[in-house]
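J.: The structure's right below; bear with me while I get my questions together.
The values are calculated or read from the model by the stated rules, or taken from the named source; none is laboratory data. As the structure is a prediction and not an experimental result, all values here were calculated from the model. Here the Cβ positions follow ideal geometry from the backbone for every residue, glycine too, while neighbour counts run over all protein chains shown. Quick note on the areas: whole protein, heavy atoms, side chains included, nothing else; ligands and nucleic acids left out. Shrake-Rupley method; radii C 1.70, N 1.55, O 1.52, S 1.80 Å.
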Amino acid sequence: QVQLVETGGGLVQPGGSLRLSCAASGRTLSSYAMGWFRQGPEKEREFVAAMGWSGDTYYTDSVKGRFVISRDNAKNTVYLQMNSLKAEDTAVYYCTTAKASITIRTMDPSLVWGQGTQVTVSS
């Protein structure tokens, strides 16, 4: 059973940056797709970004040009670099993994989640 641990959240001012990390155990990420979701206050969990096992990337429109998903297979870790942060980016951010990126992008019920990391964008 894969286990995912997200870190790197915190309080940042609008326009600032954060890098989230998601470390996996129990699965070798190099053969799997990885993704990030977020859930804001009183909102549904929503897709943010995904990377297929071959390196193809996908982003929701609201973060394109600001967020970058990447992975370090040697560390079995996926990252989300978040730049030009806005108040509406405030949310708990979760990572997940699946064999195919489409499974992530459609938020299939089979997805496994980490515990999440809080990101708060506020002055």
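J.: How high is the FRET efficiency from S110 to A74, r the C-beta distance, R0 22 Å, rounded to 0.05? Mind showing how you got there, number by number?
T.: Details: r = 27 Å, r/R0 = 1.23.
So the FRET efficiency works out to roughly 0.20.
J.: Sticking with this one: Per residue of the stretch 98-113, in order, report the coupling 6.51 cos²θ - 1.76 cosθ + 1.60 (Karplus, θ = phi - 60°) as ³J(HN,Hα) in whole Hz, putting x for Gly and Pro.
T.: Going residue by residue, I get 7, 5, 10, 5, 5, 4, 6, 4, 9, 6, 4, x, 7, 4, 9, 10 Hz, with x marking Gly and Pro.
J.: Ranked highest first by the average count of other Cβ atoms within 10 Å around their residues, in what order do 6-14, 113-121 fall?
T.: 113-121, 6-14
J.: Treat every Asp and Glu Cβ in the stretch 70-119 as -1 and every Lys and Arg Cβ as +1, leave all other atoms uncharged, and give the resulting dipole magnitude about the Cα centre to the nearest 20 debye.
T.: Result for the stretch 70-119 is approximately 160 debye, rounded to the nearest 20.
J.: Using Cα pairs under 8 angstrom and six or more residues apart, how large is the relative contact order of the chain, in percent? Intermediate results must be reported in sequence, preceding the final value.
T.: On the way: 302 pairs, mean separation 44.8, N = 123.
Dividing the mean separation by the residue count of the chain yields 36 percent.
J.: Could you rank the peptides 77-84, 105-112 by their average count of other C-beta atoms within 10 Å per residue, with the highest value first? Walk me through the numbers before you get to the answer.
T.: Numbers: 77-84: 20.2, 105-112: 12.8.
Descending mean neighbour count gives 77-84, 105-112.
J.: Run the reach check for K86 against lysines, Cα to Cα strictly under 17 Å, same-chain hits fewer than 8 apart removed. What comes back?
T.: Excluding near neighbours in sequence, the set is K43, K64.
J.: If packing is taken as the average count of other Cβ atoms within 10 Å, what order do 29-37, 64-72 fall into, highest mean first?
T.: Values: 29-37: 21.0, 64-72: 15.6.
Packing order, densest peptide first, comes out as 29-37, 64-72.
J.: Calculate one ³J(HN,Hα) per residue across the stretch 7-22 by plugging θ = phi - 60° into the Karplus curve 6.51 cos²θ - 1.76 cosθ + 1.60, and present them in order as whole Hz with x for glycine and proline.
T.: Ordered by residue, 3J(HN,Hα) equals 9, x, x, x, 9, 9, 6, x, x, x, 10, 9, 10, 8, 10, 9 Hz.
J.: Cut-off 16 Å, label point 7 angstrom out along Cα-to-Cβ of I102: give me the residues of the stretch 30-58 whose amide nitrogen falls inside.
T.: Residues 33-34, 51-54, 56-58 qualify, since their backbone N sits under 16 Å from the label point.
J.: How large is ³J(HN,Hα) for each residue in the stretch 81-93, as worked out from phi by the Karplus curve 6.51 cos²θ - 1.76 cosθ + 1.60 (θ = phi - 60°), to whole Hz, x for Gly and Pro?
T.: 7, 10, 10, 6, 5, 10, 4, 6, 7, 4, 4, 8, 9
J.: Given only helices, namely DSSP H runs of n ≥ 4 each adding -39500 (n - 2.57), what is the per-residue ellipticity at 222 nm of the chain, to the nearest 500 deg cm²/dmol?
T.: Details: 1 runs with 5 residues, N = 123.
It comes out at -1000 deg cm²/dmol, rounded to the nearest 500.
J.: Leaving out ligands, DNA and RNA, and with a 1.4 Å probe, what % of the accessible surface on the chain is carbon or sulfur?
T.: Values: 2950 of 6170 Å².
Carbon with sulfur: 48 percent of the solvent-accessible area.
J.: Still on this model: Please calculate how many Å² of accessible area the chain carries per residue, with a 1.4 Å probe and no DNA, RNA or ligand atoms counted.
T.: I get 50 Å² per residue for this part.
J.: What is the magnitude of the charge dipole of the chain about its Cα centre, with +1 placed on the Cβ of each Lys and Arg, -1 on the Cβ of each Asp and Glu, and no other charges, expressed in debye to the nearest 20?
T.: I would put it at about 240 debye.
J.: Which residues' amide hydrogens lie under 5 Å from the amide hydrogen of L85, considering only partners 5 or more residues apart or on another chain, with H built in the peptide plane?
T.: G15, G16
J.: Looking at F47, T77, L20, which one has the Cα that reaches farthest to the positive end of the dipole of the chain (charges on Cβ: Lys, Arg +1; Asp, Glu -1)?
T.: So the residue furthest toward the plus end is T77.
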